[in-house]
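Visitor: First the structure, which I've put down as structure tokens, then a few questions once you've had a look.
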Amino acid sequence: MIAPRSRLLVTAALLAALPSAALPAQEVDRSHPPTLPPPPTLRVPAVETATLPNGLELAVIEMHKVPVVDVTLLVGAGTVSDPDDLPGLATFTANMLQQGAGSRGALDIADEAAYLGASLNTGAGFDAATASLHVPKRRLGPALDLLADVVLRPTFPDTEIARQRDLRRAQILQQRDQPVAMANVAFAAIVFGATHPYGRPASGTETSTAALNRDRVLQFYQAYYRPNTTRMLVVGDVTLNEAKRLVAARFGGWARGEAPPPPTASAPAAAARSIYLVDKPGAAQSVVRIGQIGVSRATPDFFALEVLNTILGGSFTSRLNQNLRETHGYTYGANSQFAMRRLAGPFVASASIVTAKTDSALIEFMRELRRIRDEAVPQAELAKAKAYISLGLPAEFETTQGAARQFSNLLLYDLPLDYYGTYIPRINAVTAADVQRVARQYLDPDHFAIVVVGDRSKIEAGLQALHEGPIAYRDMWGQIAP
Amino acid sequence: MKAAVTVWRSGATAAGIALAVLLLAAVPPTRLAAQALRVPYQTFTLPNGLKVIVHEDHSVPIVTVNTWYHVGSSDERPGRTGFAHLFEHLMFMGSEHVPTGQFDQLLEAAGGDNNGSTTEDRTNYWENGPSSSLELMLYLDSDRMGFLLPEITPPKVDLQRGVVQNERRQSYENQPYGLAQENILQRLYPADHTYHWPVIGSMVDLNAASIEDVQQFSRTYYTPSNATMVVAGDVTLRQVRPLVERYFGGLARGPAVTRTPPPAVSLPADVYATLEDRVQLPRVYDTWHTVKGFAPDDAGLEVLGDILAEGKASRLYKRLVYELQIATQVAAFQDAGRIDGKFEIFATARPGHDLNELARVIDEEVRSLAESGPTPREVERVQNSIEAGFLGRMERVGSFGGKADQLNYYDYLVGTPDYFQRDLDRFRRVRPADVQRLARDYLLRAHRVVLSVVPAGHTELAATEGASR
């Protein structure tokens, strides 16, 4: 196809006015990278807040570049509130919100959302259930009507409960095909134990799924879905007054209620380092998870841990990725993270390793996990990690969904809304000694759980020869394998 | 777009990949927007042939450099499948003035990120970072465009060969149904068609790649005249142009790239095949040959795909998953590249159901659309969702599927970088009668490849010719 003439002509005219500033190529000094100007300052979008009479807290961030609006409701109905006998209830209830609400059936809700060009999602994480909407500004009103139906007036029809329950059973069956999902479920169960809220499978088990019914869903919904346990974030092409008016008209009548407080749970004592092998015959790779219980989001060491993890496994040039991928070629990528939640979440280092190199890769994993404790981080590496975090922050606020993600975290964990104003100086204040201190405090290689999902017949001998601990055999749920 | 076959360099998290696929797979909206979609740009071309497109967006102090080399897996020669993607990995292994590892080290130290990906048609590279990092990005990209070969040694090729082979294991071999696509392609396209093999390539061919292949590929395709670079974000043309001239002006133009037109594709009869895999549940794939991207029927075929299987209100989801409850999931989409396109439907059975049951319902729904067409509301619903997707893709400048990447996409496929509104208009013009005609001509009356992926030892679950259709 042909470019429009008019645009090309306009462009040519503009370019003719430019000075000819090109240096001859031979004068380019390639011997060292260019010296860069000072970085731009972070511009964090402003947050405004309001509270409705029923206790619903509203935060609004204006972003007017593109006529879209992103709405997130964070409800205190996460998987931590799952009853002990029914893991998976929180995620199931969140999913059921969309299967019938107000006068609409499941298919009507899906049809209406798509017709409005709206992405409507409901789900449950560990610490909160979320209901979210991403929609062109022009359809915001009717899309909020739909969201309000789903959150305030779900009908939970028996037929839909049965339908979703059956679908979930098939999906749980399919987890057996997904070694990454298997490794994550097994790792959580092994590290936290089956009774801790972070040790249970978020999507439930075969047994718990079979036991789901309307009464349990309704009880859970009525107990936990309340305005006074909910925070709402609106980001995009709206003003506070406009958002307040739209939200109050739809969510103002939502009745308060006394929700049970989020559970407290004590972490189980860490076992001595062991290898937990989940057999996956024929697997081309071994999926590896190494770690233990880490820290909560409220940790005073947040910034030092951010820097630590960036160095260890949080970026492409991190030690784990450089070693396992770029030096040895054992994997397509290796990484680590401290998952910080209301309660202490896991620290976990991860990779998928070519089967024949499973043992060699574990040697390198352990080498890096010990080295970052034993040796202070060199200044250049520290500086690079701090720059990567602090200079990369502005990009996190580019899109409505990006900004929503950043501020949801503050709302979810009761952090002040001006948090990002001091983020960069606090990262920049982290020293090599801080990094080593938190590495020693929060990484305890003597008590790592090393979970490997792979072909036992090919990797077991190599794992035994490592002498990194006894081998225990587990199933995909992390339970003792028969 | 060729989203289903994009192969990434790395790094991306699962969520990141899912997002990128989503962004590329759907298509960029305006009845929902008050004004027309516009991405203003300015362009210039260096004497060596490098075309540069500059888009200013001052909303956030970041910049992205997005370079498309007009080479992909369809430029590979027999026995070297997967090579274009392996080459993409080598582009991060250092160049004459940038020692191995420094590309990433320097960028991260400046607050930047990067990645690359390969499809059948093109290979793209991007760097994102604070606006202050622009000159560094241009320094790094120009060095690997002009001075790569002195630094590429056999051990570096071996190392990235290992990484890529692990990518194949992680993303294909160790994924349920992960080998379906390559089994479909080899049956849909004749052996001498350049879409006959998957972008990731075969293990055997990856093993055969040599340093001489790298040298020849670089000299042929990795030249300024075979690339287009978009610089976008909080920068100005006045700032960008002198820097581009400084760093890229001295690089030598490459030879003109010539390509043989692909052979005609025809399926004289339906092709049935069964693949045994380590899966719990069987899945059936129907694939038809269609048209290339931006051909007159391309947008209508995308709308057809969404009417069939996008969301719970779609026809196949409603029948297979919701009402009959014989499938766990279903998908349908037009997948169109620069040279050619295909239409695919796949559905996964629930326990206790075989693929003939699913295939029968798929055929009924295709026939119903071909005979009666969709309702106006169905078409409008799909158009509204597509339009919202266009709008969503106006928010981000960089990475896969951001504005810079889309400017390069349109420039390469249709020759006009700011084609956003006209692309959306293609979808808005689709009428129910068009969808009906497309279902009839491209699906109902055409032959297809039917691939059944079944649990090992359970070929009795496969779709069989004549049983259903």
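Visitor: Step by step: first the residues of the stretch B:146-160, then only those that are buried (at least 21 other Cβ atoms within 10 Å of the Cβ) and within 12 Å of chain A (Cβ to nearest Cβ), then the one that is farthest from the chain's Cα centre (by Cα). Which residue is that?
Guide: B:Gly146
Visitor: Let me ask something else. Can you find even one residue in the stretch B:320-333 that is under 28 Å from B:Gly72 (Cβ atoms), out of contact with any Cys (no Cβ under 9 Å at 6 or more places or on another chain) and surrounded by 23 or more Cβ atoms within 10 Å (Cβ to Cβ)?
Guide: Within the stretch B:320-333, one or more residues are under 28 Å from B:Gly72 (Cβ atoms), out of contact with any Cys (no Cβ under 9 Å at 6 or more places or on another chain) and surrounded by 23 or more Cβ atoms within 10 Å (Cβ to Cβ).
Visitor: Another question, then. Conditions: (1) surrounded by fewer than 22 Cβ atoms within 10 Å (Cβ to Cβ); (2) assigned to a helix (DSSP H, G or I); (3) modelled with pLDDT of 95 or more. A:Arg176 meets all but one. Number of the miss?
Guide: The failed condition is (3).
Visitor: Here's another thing I want to ask about it. If the Cβ limit is 6 Å and pairs must be 6+ apart or interchain, which residue in the stretch A:265-278 that is within 24 Å of A:Asp82 (Cα to Cα) pairs with which residue that is in a strand (DSSP E or B) and not aliphatic (A, V, I, L, M)?
Guide: A:Ala270/A:Gln292
Visitor: Further, regarding this structure: If I go through the stretch A:86-116 residue by residue, how many of them are assigned to a helix (DSSP H, G or I), closer than 21 Å to B:Arg319 by Cα and more than 9 Å from chain B (Cβ to nearest Cβ)?
Guide: Count: 2.
Visitor: Check whether at least one residue in the stretch A:199-208 is modelled with pLDDT of 95 or more, more than 20 Å from B:Gln329 (Cα to Cα) and part of a helix (DSSP H, G or I), and report yes or no.
Guide: Checked against the condition, which is being modelled with pLDDT of 95 or more, more than 20 Å from B:Gln329 (Cα to Cα) and part of a helix (DSSP H, G or I), the stretch A:199-208 yields at least one hit.
Visitor: Which residue is surrounded by the most Cβ atoms within 10 Å (Cβ to Cβ), if the candidates are limited to the stretch B:270-308 and must be assigned to a strand (DSSP E or B) and of a type in the set (Val, Ile, Thr)? Walk me through it before giving the result.
Guide: Pass one, the stretch B:270-308, residues assigned to a strand (DSSP E or B): B:271-277, B:283-289.
Checking which are of a type in the set (Val, Ile, Thr) leaves us with B:271, B:274, B:284, B:287.
Working: B:Val271: 16, B:Thr274: 20, B:Val284: 28, B:Thr287: 23.
Among them, the one singled out is B:Val284.
Visitor: While we're looking at this one, here's another question. Condition first: away from chain B (no Cβ under 14 Å) and not in a helix (DSSP H, G or I). Can you find one or more residues in the stretch A:300-307 that meet it?
Guide: yes
Visitor: Here is a further query. Could you say whether any residue in the stretch A:383-397 is in contact with an Asp or Glu (Cβ under 9 Å, 6 or more places away or on another chain) and under 30 Å from A:Val135 (Cβ atoms)?
Guide: Yes; the residues of the stretch A:383-397 include at least one that is in contact with an Asp or Glu (Cβ under 9 Å, 6 or more places away or on another chain) and under 30 Å from A:Val135 (Cβ atoms).
Visitor: If you check B:Val214 against the conditions, is it more than 30 Å from B:Tyr442 (Cα to Cα), over 21 Å from the mean Cα position of the chain (by Cα) and assigned to a loop (DSSP other than H, G, I, E, B)?
Guide: Criteria not met by B:Val214.
Visitor: Just the residues that are crowded, with 21+ Cβ neighbours inside 10 Å, of a type in the set (Gly, Ala, Ser) and under 25 Å from B:Phe44 (Cα atoms), please, taken from the stretch B:381-438.
Guide: B:Gly398, B:Ser399, B:Gly401, B:Gly402, B:Ala404
Visitor: Taking the stretch A:464-482 as the search range and keeping residues that are touching a helix residue (DSSP H, G or I) at 6+ places or on another chain (Cβ under 8 Å) and aliphatic (A, V, I, L, M), which one is farthest from A:Thr195 (Cα to Cα)?
Guide: By that ranking, first place goes to A:Ala465.
Visitor: Give A:Pro262, A:Pro268 a once-over and let me know the one that is more than 14 Å from chain B (Cβ to nearest Cβ), of a type outside the set (A, V, I, L, M), surrounded by fewer than 16 Cβ atoms within 10 Å (Cβ to Cβ) and within 27 Å of the chain's Cα centre (by Cα).
Guide: Answer to the selection: A:Pro268.
Visitor: Now for a different question. Going by the conditions given, is A:Ile459 closer than 30 Å to A:Thr205 by Cβ, in a helix (DSSP H, G or I) and not assigned by TED's automatic domain parsing to the domain that holds A:Glu57?
Guide: Values: closer than 30 Å to A:Thr205 by Cβ: yes; in a helix (DSSP H, G or I): yes; not assigned by TED's automatic domain parsing to the domain that holds A:Glu57: yes.
For A:Ile459, the condition - closer than 30 Å to A:Thr205 by Cβ, in a helix (DSSP H, G or I) and not assigned by TED's automatic domain parsing to the domain that holds A:Glu57 - is met.
Visitor: Counting only residues that are away from every other protein chain (no Cβ under 11 Å) and either on the phi < 0 side of the Ramachandran plot or not in a loop (DSSP other than H, G, I, E, B) (or both), how many does the stretch B:59-98 have?
Guide: Looking only at that region, the number is 24.
Visitor: Here is a further query. Can you tell me how many residues within the stretch B:143-197 are assigned to a helix (DSSP H, G or I) and either more than 22 Å from B:Val453 (Cα to Cα) or among the acidic types (Asp, Glu) (or both)?
Guide: So the first thing to find is which residues in the stretch B:143-197 are assigned to a helix (DSSP H, G or I), and the list is B:143-146, B:149-151, B:154-173, B:180-188.
Keeping just the survivors that are either more than 22 Å from B:Val453 (Cα to Cα) or among the acidic types (Asp, Glu) (or both) gives B:143-146, B:149-151, B:154-167, B:173, B:182.
Residues flagged as assigned to a helix (DSSP H, G or I) and either more than 22 Å from B:Val453 (Cα to Cα) or among the acidic types (Asp, Glu) (or both) within the stretch B:143-197 amount to 23.
Visitor: Provide a single number: the residues in the stretch B:173-200 that are at the interface with chain A (Cβ under 9 Å from one of its Cβ atoms) and either in contact with a helix residue (DSSP H, G or I) (Cβ under 7 Å, 6 or more places away or on another chain) or at pLDDT 95 or above (or both).
Guide: Result for the stretch B:173-200: 3.
Visitor: Going through the stretch B:320-343 one residue at a time, which ones are within 14 Å of another protein chain (Cβ to nearest Cβ) and closer than 19 Å to B:Arg448 by Cβ?
Guide: B:Leu320, B:Ala327, B:Val330 - these are the residues of the stretch B:320-343 that are within 14 Å of another protein chain (Cβ to nearest Cβ) and closer than 19 Å to B:Arg448 by Cβ.
Visitor: Do you know which residues across the stretch B:105-128 are surrounded by 23 or more Cβ atoms within 10 Å (Cβ to Cβ) and at the interface with chain A (Cβ under 7 Å from one of its Cβ atoms)?
Guide: Matches in the stretch B:105-128: B:Glu108, B:Ala109, B:Ala110, B:Gly111, B:Asn128.
Visitor: I need the full set of residues from the stretch B:292-315 which are within 13 Å of chain A (Cβ to nearest Cβ), under 14 Å from B:Leu443 (Cβ atoms) and among the hydrophobic types (A, V, I, L, M, F, W, C), in order please.
Guide: Within the stretch B:292-315, B:Val303, B:Ile307, B:Ala309 qualify.
Visitor: I've got another one for you. Please state which one of A:Ser296, A:Ser350, A:Ser336 is at pLDDT 95 or above and surrounded by fewer than 23 Cβ atoms within 10 Å (Cβ to Cβ).
Guide: Unique residue meeting the criteria: A:Ser296.
Visitor: Next up: Going by the conditions given, is B:Val214 touching a helix residue (DSSP H, G or I) at 6+ places or on another chain (Cβ under 9 Å), at pLDDT 95 or above and either β-branched (Val, Ile, Thr) or buried (at least 18 other Cβ atoms within 10 Å of the Cβ) (or both)? Spell out how you get there, then give the answer.
Guide: Details: touching a helix residue (DSSP H, G or I) at 6+ places or on another chain (Cβ under 9 Å): yes; at pLDDT 95 or above: yes; either β-branched (Val, Ile, Thr) or buried (at least 18 other Cβ atoms within 10 Å of the Cβ) (or both): yes.
Yes, satisfied.
Visitor: Please give the number of the condition A:Thr229 fails out of (1) surrounded by fewer than 18 Cβ atoms within 10 Å (Cβ to Cβ); (2) more than 30 Å from A:Pro445 (Cβ to Cβ); (3) within 23 Å of the chain's Cα centre (by Cα); (4) polar (S, T, N, Q).
Guide: Going through the list (1) surrounded by fewer than 18 Cβ atoms within 10 Å (Cβ to Cβ); (2) more than 30 Å from A:Pro445 (Cβ to Cβ); (3) within 23 Å of the chain's Cα centre (by Cα); (4) polar (S, T, N, Q), A:Thr229 breaks only (1).
The values are calculated or read from the model by the stated rules, or taken from the named source; none is laboratory data. All of these numbers come straight from a predicted model, not from anything done at the bench. We place every Cβ from the backbone using ideal geometry, glycine too, and count neighbours over all the protein chains shown.
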